[in-house]
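Step one of this worksheet: look at the structure below.
Values in this text are rule-based calculations from the coordinates and carry no lab data. On a predicted model such as this, the values are computed, not experimentally measured, just so you know. Virtual Cβ from ideal backbone geometry, glycine too; neighbours counted across all protein chains shown.
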Amino acid sequence: MTTFALSLPRAVPRRTLVGVAALTAVVMLWSSFALSTRALEGAGLTMADAAIVRFAVPAVVLSPWIPRTLRTLRTERPTVLALVLLAGLPHFLLFAWGAHLTSAALTGLLVPGTVPVFVTLLLFLCVRRTVSRRRVLALAAVVAGVAASALFTGGPTGPGGIAVLLAAGLVWAAYTLGVARTRLDPVGVIVIVSITSVASALLLAVTEVLPSALLAGTADLSTVGSYALVQGVGTGLLSTACYVVAVKNLGSSLPAAAGALSPVLTAVVAVPLLGESLGLGLGVALALIVTGVAVFALSPATPSGQSTPR
């Protein structure tokens, strides 16, 4: 019997295939994160409740890996660890606050859409990495999309929500650079982020800095269970692991850019699920940002003749 060899596995490195598969999962899971966070108020949960559920699930599930992670932390650089921890409660609270002030489509658009801009800016400021002209133009399109969303988003809370979401994008960009340099494996990243975040969220709830329906005993258990599945398992475990795998296999720039494709899915699903509408301003912003991300991902990282450090 004649056998035929497939050329794809030989043409594409295995780590690239793994990274692309991980990125595909990230796009879908980030979209579900934006949608569920925007629906937080209707579910009767506070931001503190959502943070506790979001980080408690992976902390409990991965508790057997805590001793190993703590041993690895002894050799971790404090600056890198600080960047990694930004992905926990700081990013979550900014994201949830911004979602409260805006729409699901805008939430899903601005945070991942601006991460490539901030990653490139931080790399330039920290290591003086130059950027190719095509990527500069692509990032300019992203910036124009952000400006369009700020200009055409109506309501008194629109600009404030956009500012908060931009801060969330900056925090995630810093985390992305930290992940690319950490000695922790994907499980270790999830463990340390989850433990520190759930402890911090519980402290804020117990001290009443943030209100909590869970501690007050008024939260609906079925809602908590559903949220634990979407946020705790989907976002807390799967999306974090997939993002770390993508960064480890593809570097920091491409995952940061490709993740911005999740707004398309978020914006489309938000229409029937949350009753939102796609206005002209959001449509323009969506087109500019997604186009900028696509050009960014397909362009060389640096001007020709220069190498790109990972």
Using θ = phi - 60° and Karplus 6.51 cos²θ - 1.76 cosθ + 1.60, couplings along segment 225-235 (whole Hz; Gly, Pro as x):
x, 5, 5, 5, 5, 6, 8, x, 7, x, 7
Over segment 102-235, what relative contact order in percent results from Cα pairs under 8 Å that are six or more residues apart?
30
Could the peptides 134-146, 60-72, 106-118 be put in order, highest first, of the mean number of other beta-carbon atoms found within 10 Å of their residues?
106-118, 134-146, 60-72
J(HN,Hα) series, segment 179-191, from Karplus relation 6.51 cos²θ - 1.76 cosθ + 1.60, nearest Hz, glycine and proline x:
4, 5, 10, 6, 8, 6, 7, x, 5, x, 4, 5, 4
Residue by residue, what Karplus-based ³J(HN,Hα) values in Hz, rounded to whole numbers, does segment 121-126 have, using 6.51, -1.76 and 1.60 with θ = phi - 60° and x for Gly and Pro?
5, 5, 5, 5, 6, 8
How would segment 19-298 be classified by its alpha-carbon gyration tensor: rounded, prolate or oblate, with rounded meaning a/c under 1.5 and the a/b versus b/c comparison settling the rest?
oblate
Sum of side-chain charges, Leu83 neighbourhood, beta-carbon under 14 Å (Lys, Arg +1; Asp, Glu -1)
+2
Could you work out the relative contact order of segment 19-298, using alpha carbon pairs under 8 angstrom and six or more residues apart, expressed as a whole percent?
42
